Amino acid sequence: RAKELGRNNYQFYTRNMNERIHEKLDLQSALRQAIANDEFTLLYQPQVDLKSERIFGVEALLRWEHPEKGTIMPGDFIPIAEETGLIVAIDEWVLRAACAQNKAWQDAGMPMLTMSVNVSGKQFLQSDWSTRVSNVLRETGLAACYLELEVSEAAIMQDIGAAIATMRALQAEGIRLAIDDFGAGYSSLTALAHYPVVRLKLDQAFVQALPGSADDSAIAREVIRLGQQFDLSVIAEGVENAAQSQFLRENDCHEMQGYHYSRPMPAAALEVLLREPFRWSAT
Ligand code: C2E
Ligand code: MG
Ligand code: MG
Ligand code: MG
């Protein structure tokens with residue numbers, strides 16, 4: 001059939017591919033300029049504890065405000081940033097901006113929050129990362145215990161030895177660590193015992209189909225049980241409705257993050273939310 005379609009079709013595909021390559025190169029050079037041009041911004045998504053009915057932390061989520069293309073989501077540029085190594089500079093920008101924001105909130109008398117920052121595996125496995133984090137904390141004046149670094153289970157698995165070494169160095173500084181997107185079962189029980197982390201983030205992929213899916217229900221329960229056994233907090237990500245929240249609570253998970261509670265929002269909107277005497281009831 002390919003033969004039948006002939007030359008025109010071949011050219012069509014070639015042109016398409018060239019366009020894609022050009023688009024990618026454009027994106028790469030635009031990404032290089034983005035930090036200098038101040039095109040990155042952070043949104044903050046509340047993390048809610050249904051026992052205290054309070055926001056205890058926020059996760060910083062990166063957005064790229066491209067002058068022509070508009071808002072670009074991290075899924076559309078983080079992979080390219082990782083390929084080109086630009087992620088190292090980007091993650092450091094995020095870390096500094098997030099720590100400075102948390103310190104500014106504290107100085108303004110807002111409730112004390114944990115600031116969660118995502119770290120790419122590429123960044124996390126660099127041997128000088130913990131030193132650079134300490135420098136940012138010193139420069140911004142944020143106490144280490146108000147910073148939580150999220151590294152995905154998949155990133156840890158790329159090099160468990162190096163990941164544990166980095167985690168230990170960060171832990172020694174008093175920085176909190178969380179395993180993001182947890183639940184695919186990459187980590188053995190033995191490995192989990194060696195991770196100096198304080199929190200597991202149940203992957204939203206396993207939250208989505210709760211409580212209907214028997215498989216995902218079993219996985220969610222298992223992650224919650226693992227957390228209890230290793231004395232780790234467990235937060236569910238991507239909680240979108242009351243049925244999911246109810247299932248999680250019934251299974252002893254009380255920390256929630258997701259659209260059902262709040263979308264990621266700009267700093268100013270979060271400040272309004274924090275000033276309200278609002279209590280985050282279960283539903
Ligand atoms: P993540 O760390 O697992 O973050 C959670 C993602 O789920 C965020 O997507 C968030 O907006 C989204 N989300 C939150 N609640 C809900 C919900 O109820 N339903 C659904 N469907 N989604 C929800 P976002 O902001 O697009 O970020 C995607 C991923 O990009 C993040 O996944 C993280 O891995 C990465 N990322 C974001 N910011 C950074 C950053 O500063 N540095 C690095 N290295 N990675 C980042
Ligand atoms: Mg995360
Ligand atoms: Mg996640
Ligand atoms: Mg993710």
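For the range 171-212, which positions are outside any loop (DSSP other than H, G, I, E, B), over 15 Å from the mean Cα position of the chain (by Cα) and farther than 20 Å from ALA144 by Cβ?
Initially, the range 171-212 is screened for residues outside any loop (DSSP other than H, G, I, E, B), giving 171-172, 176-182, 189-194, 199-202, 204-206.
From the residues that got through so far, the ones that are over 15 Å from the mean Cα position of the chain (by Cα) too are 171-172, 189-194, 206.
Scanning the range 171-212 gives LEU189, THR190, ALA191, LEU192, ALA193, HIS194, PHE206.
Of all residues in the range 44-59 being outside any strand (DSSP E or B) and of a type outside the set (A, V, I, L, M, F, W, C), which is farthest from PRO266 (Cα to Cα)?
In the first step, residues of the range 44-59 are kept if they are outside any strand (DSSP E or B); the result is 50-53.
Checking the rest, the ones that are also of a type outside the set (A, V, I, L, M, F, W, C) come to 51-53.
On the way: LYS51: 26, SER52: 24, GLU53: 22 Å.
Going through the qualifying residues, I end up with LYS51.
Give the range 103-122 a look and list any residue that's more than 16 Å from ligand 2 (Cβ to nearest atom) and either touching a helix residue (DSSP H, G or I) at 6+ places or on another chain (Cβ under 7 Å) or basic (Lys, Arg) (or both), or say none.
Initially, the range 103-122 is screened for residues more than 16 Å from ligand 2 (Cβ to nearest atom), giving 103-112.
Within the range 103-122, LYS103, MET110, PRO111, MET112 qualify.
Could you tell me which residue of the range 227-242 is farthest from LEU43 (Cα to Cα), considering only residues that are out of contact with any strand residue (DSSP E or B) (no Cβ under 7 Å at 6 or more places or on another chain) and open to solvent by less than 50 Å² (accessible area, probe 1.4 Å)?
Applying the first criterion (out of contact with any strand residue (DSSP E or B) (no Cβ under 7 Å at 6 or more places or on another chain)) to the range 227-242 yields 228-231, 238, 240-242.
Those left that are additionally open to solvent by less than 50 Å² (accessible area, probe 1.4 Å): 238, 242.
Details: GLY238: 16, ALA242: 24 Å.
Here the residue is ALA242.
If only one of ALA178, ALA184 is open to solvent by less than 10 Å² (accessible area, probe 1.4 Å), within 16 Å of ligand 3 (Cβ to nearest atom) and of a type outside the set (Asp, Glu), which one is it? Walk me through it before giving the result.
Working: ALA184 fails: open to solvent by less than 10 Å² (accessible area, probe 1.4 Å).
Only one candidate passes the filter, namely ALA178.
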Please list, ordered by first then second residue, the pairs with beta carbon atoms under 7 Å, 6 or more apart or interchain, first in the range 68-89 and assigned to a strand (DSSP E or B), second of a type outside the set (S, T, N, Q) and open to solvent by 40 Å² or more (accessible area, probe 1.4 Å).
-> THR71/GLU65
Inside the range 50-81, can you point out the residues that are acidic (Asp, Glu) and more than 16 Å from ligand 3 (Cβ to nearest atom)?
-> GLU53, GLU65, GLU68, ASP76
Is there any pair linking a residue in the range 136-162 that is under 24 Å from GLN101 (Cβ atoms) and away from ligand 4 (no atom under 15 Å from the Cβ) to one that is acidic (Asp, Glu) and part of a helix (DSSP H, G or I), with Cβ under 9 Å and at least six apart or on different chains, and which?
-> VAL136/GLU92; GLY141/ASP107
Verdict on SER152 being surrounded by 14 or more Cβ atoms within 10 Å (Cβ to Cβ), under 14 Å from GLN47 (Cβ atoms), within 15 Å of ligand 1 (Cβ to nearest atom) and of a type in the set (Gly, Ala, Ser) = no
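Check whether at least one residue in the range 197-204 is away from ligand 1 (no atom under 16 Å from the Cβ), surrounded by 14 or more Cβ atoms within 10 Å (Cβ to Cβ), at negative phi and not aromatic (Phe, Trp, Tyr), and report yes or no. Write out each step before concluding.
Start the filter on the range 197-204 by keeping residues that are away from ligand 1 (no atom under 16 Å from the Cβ), which leaves 198.
Narrowing further to those that are surrounded by 14 or more Cβ atoms within 10 Å (Cβ to Cβ): 198.
From what's left, at negative phi: 198.
Next, from what is left, pick out any that are not aromatic (Phe, Trp, Tyr): 198.
Scanning the range 197-204 turns up at least one residue that is away from ligand 1 (no atom under 16 Å from the Cβ), surrounded by 14 or more Cβ atoms within 10 Å (Cβ to Cβ), at negative phi and not aromatic (Phe, Trp, Tyr).
The values are calculated or read from the model by the stated rules, or taken from the named source; none is laboratory data. Note that the structure is a prediction, hence the values are computed from the model and not measured. Glycine also receives a Cβ, built like all others from the backbone with ideal geometry; neighbour counts cover every protein chain displayed. To get the accessible areas, we keep the full protein, side chains included, count just its heavy atoms, and leave off ligands, DNA and RNA. Shrake-Rupley method; radii C 1.70, N 1.55, O 1.52, S 1.80 Å.
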